[in-house]
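**Q** The structure's right below; bear with me while I get my questions together.
The values are calculated or read from the model by the stated rules, or taken from the named source; none is laboratory data. Please read these numbers as outputs of a predicted model, since none were measured by experiment. When we count neighbours, we look across all protein chains shown, and the Cβ atoms used for this are built from the backbone with ideal geometry, even at glycine.
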């Protein structure tokens, strides 16, 4: 961890609230979804922050809000020291070049009517990079960087496999010569064997170009292979954030522990002996989050206090924060057999 | 929670002689495409036993889904089954009439498809879906069917089942939709349940819930479960036996314990090494199988995996290996450890079939060998 320099990206108290159309007349009964509610992170140049959580926890919204692809309700986002939240669309444009995104679905995120050359060339044109006559050569170079042959240029996205399509998406992001890339579940849609190829490519590119990543995923096992720091999100808030080592070796929040325990281990005998924390149900609706600690409805160690008093994110160790009343004490013992904590009620 | 006697159960299951519920022999499925004739499934044989889970594992396009659909005789056009037998309850499914097949489909052999959103009709309620199955296959009507449908929803862990009967698919989360699909599939208490990537679209936490649910139902009903996935990590805790498919053929098959401890085929070892694990965390610690599978229209004459294999020999390019036991005898139909490889991994090394560490060490070596060559 090189924390000597200023972070490339600083997000403070980021809030993204969506108004839902009210059920009553004249907008009465309007409800607010706090998709992201007071999120703060820092990422240093050349580093990766992994952002983990279940569907609907606000992790993708966070990524989009940082890039200002979604309106922000509050907080600041600083890239290279510059506050993006106060910039006008025109002022933002040159800065957009520095921040790019790779999407989850390599089928939906590439225009099916554009050739690979058009797709990868578009950022060059938008940001006026490279003289016109050098752009084709640049596209060829970018494709080579992501491991695609020059013969791919004239072909259309549907002619490629999922992994190859994701390489095209990465080439497009690289075309703008960014400092910072949001990787929004870049391998979730791919076969395990292809996942590792793409992850290795992303790491190689990070080293080669000093890229800074926000890596969004729902699988802690994947995130650990990519990240220097990991943040776990639940219902719009970070519930635990730490260095990779600390988070995997001494997870403090029961939600983090449950996510870790959901990762399958590739050995039948160890799997059979494993004590598993299987969370009941799914993430509650963010329209009407539970009182107190948002996680208490699914938490295996929740007590009365958790239902009324919301824990705040507090330091457990240097660089390790968690928002649980029990974090930092003796590691909370999770009683996996406790009634109501397991989905497998019959066993 | 999972009982610690599961390992024992796995061993018991292997030791006890079983009469298979379903046995597939030399299955072949062909697709006539513009680019030529493709054999998506080429001589696949396996058996399913009551109360057992067989994991069918492989990358996209390896033929695992087509194999599953063959069991239902639902291979989409232009695909057609052009060889082999599928024996089920004393009959060959490939020779019975379409009418008889319709009676079996969804009743005795059920499928949980990969994508629960597209599998459900958006203009039908959850209740309509289940009641339809109960009416057609079991002749249930009215309130009887509805209350049975509610029972099924409650069985798959859907809270407030009576109310959920009137919900439309879009009102449910991905995990809930998959539970509805499971309720539909088990509505007629089938002898065989095929789950095609049942958790691929789901969060890790929900994935664990769904797999536990399938395990429970299997234990209760003694049905045979065919679990199809691209992730070897998933099958470890949930399968008794595993078959790894590559380019339309079975590359290796064994009991789950055997396969994970001593993967012989280099492809199996590679897939195993690709599984992201919590005990091997660190930035950049991961393993890749280089390249992609060859096009089925353009299969090499030898081993289909040869071009991606790190232990390839000349023999591998010239002659295709058949599925055989580890001592080299050709498959006889038993459920021992079989593989189709000329140069199997842990047999070639001096510490053949040693300990638990073998696969891990091999995996490490495997990853390093390709560190530079995978782009």
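**Q** Name every residue in the stretch B:69-102 that is part of a helix (DSSP H, G or I), touching a strand residue (DSSP E or B) at 6+ places or on another chain (Cβ under 9 Å) and surrounded by fewer than 22 Cβ atoms within 10 Å (Cβ to Cβ), in order of residue number. Spell out how you get there, then give the answer.
**A** Filtering the stretch B:69-102 for residues part of a helix (DSSP H, G or I) gives B:69-71, B:98-102.
Of the ones still in play, those that are also touching a strand residue (DSSP E or B) at 6+ places or on another chain (Cβ under 9 Å) are B:69-71, B:100.
The answer is B:69, B:100.
**Q** Looking at the stretch A:249-262 only, could you name the residues that are within 11 Å of another protein chain (Cβ to nearest Cβ) and in a loop (DSSP other than H, G, I, E, B)?
**A** Looking only at the stretch A:249-262, we keep the residues that are within 11 Å of another protein chain (Cβ to nearest Cβ), and these are A:249, A:251, A:255, A:258-262.
Those that are within 11 Å of another protein chain (Cβ to nearest Cβ) and in a loop (DSSP other than H, G, I, E, B): A:251, A:262.
**Q** A further question on this structure: Only one of B:237, B:248 is modelled with pLDDT of 90 or more and buried (at least 23 other Cβ atoms within 10 Å of the Cβ); which? Step through it out loud before you land on a result.
**A** On the way: B:237 fails: modelled with pLDDT of 90 or more.
Unique residue meeting the criteria: B:248.
**Q** A further question follows. In the stretch B:117-131, is there at least one residue being within 21 Å of residue B:225 (Cα to Cα), modelled with pLDDT of 95 or more and either crowded, with 17+ Cβ neighbours inside 10 Å or not assigned by TED's automatic domain parsing to the domain that holds residue B:224 (or both)? Lay out the reasoning, then the answer.
**A** Pass one, the stretch B:117-131, residues within 21 Å of residue B:225 (Cα to Cα): B:119, B:130.
In the following step, the residues that additionally are modelled with pLDDT of 95 or more were identified as B:130.
Add one more test, that the residue is either crowded, with 17+ Cβ neighbours inside 10 Å or not assigned by TED's automatic domain parsing to the domain that holds residue B:224 (or both), and what stays is B:130.
So far as the stretch B:117-131 goes, yes, one or more of its residues are within 21 Å of residue B:225 (Cα to Cα), modelled with pLDDT of 95 or more and either crowded, with 17+ Cβ neighbours inside 10 Å or not assigned by TED's automatic domain parsing to the domain that holds residue B:224 (or both).
**Q** Is there a residue in the stretch B:6-17 that is in the same structural domain as residue B:200 (by TED's automatic domain parsing), buried (at least 16 other Cβ atoms within 10 Å of the Cβ) and modelled with pLDDT of 85 or more?
**A** No, the stretch B:6-17 contains no residue that is in the same structural domain as residue B:200 (by TED's automatic domain parsing), buried (at least 16 other Cβ atoms within 10 Å of the Cβ) and modelled with pLDDT of 85 or more.
Okay, residues lined up against (1) assigned by TED's automatic domain parsing to the domain that holds residue B:41; (2) under 29 Å from residue A:271 (Cα atoms); (3) at pLDDT 90 or above; (4) not in a loop (DSSP other than H, G, I, E, B):
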| residue | (1), (2), (3), (4) |
| --- | --- |
| B:277 | no, yes, no, no |
| B:280 | no, yes, no, no |
| B:315 | no, no, yes, yes |
| B:327 | no, no, no, no |
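**Q** Here are some residues: A:92, A:124. Which one is over 24 Å from the mean Cα position of the chain (by Cα) and assigned to a helix (DSSP H, G or I)?
**A** Residue meeting the stated conditions: A:124.
**Q** Now for a different question. Quick check on my filter: what residues within the stretch A:224-248 are at the interface with chain B (Cβ under 9 Å from one of its Cβ atoms) and part of a helix (DSSP H, G or I)? If you could, list the steps in order and put the result at the bottom.
**A** Applying the first criterion (at the interface with chain B (Cβ under 9 Å from one of its Cβ atoms)) to the stretch A:224-248 yields A:224-228, A:244-245, A:248.
A:224, A:244, A:245, A:248, listed by residue number.
**Q** Still on this structure: For the stretch A:210-223, enumerate the residues that are under 12 Å from the mean Cα position of the chain (by Cα) and away from chain B (no Cβ under 12 Å).
**A** Residues of the stretch A:210-223 that are under 12 Å from the mean Cα position of the chain (by Cα), as a first pass: A:213-220, A:222-223.
Correct list: A:214, A:216.
**Q** Looking at the stretch A:62-76, which of its residues are surrounded by 22 or more Cβ atoms within 10 Å (Cβ to Cβ) and free of Cβ contacts under 8 Å to residues at least 60 places away in the same chain?
**A** Within the stretch A:62-76, just A:65 meets the criteria.
**Q** Scan the stretch B:284-313 for residues that are crowded, with 16+ Cβ neighbours inside 10 Å, within 11 Å of chain A (Cβ to nearest Cβ) and in a loop (DSSP other than H, G, I, E, B) and jot them down.
**A** B:286, B:287, B:288, B:289, B:290, B:292, B:293, listed by residue number.
**Q** Let me ask you something else. Just one of (1) touching a helix residue (DSSP H, G or I) at 6+ places or on another chain (Cβ under 8 Å); (2) under 28 Å from residue B:173 (Cβ atoms); (3) not in a loop (DSSP other than H, G, I, E, B) trips up residue A:291, so point out which.
**A** It fails just one condition, (3).
**Q** Here's something else I'd like to know. Please work out which residue is farthest from residue A:7 (Cα to Cα), limiting yourself to the stretch A:158-173 and to residues that are more than 14 Å from chain B (Cβ to nearest Cβ) and modelled with pLDDT of 95 or more. Walk me through how you get there before you give the answer.
**A** Going through the stretch A:158-173, the residues more than 14 Å from chain B (Cβ to nearest Cβ) turn out to be A:158, A:168-169, A:172-173.
Still in the list and also modelled with pLDDT of 95 or more: A:168-169, A:172-173.
Working: A:168: 29, A:169: 26, A:172: 25, A:173: 21 Å.
Out of the qualifying residues, it is A:168.
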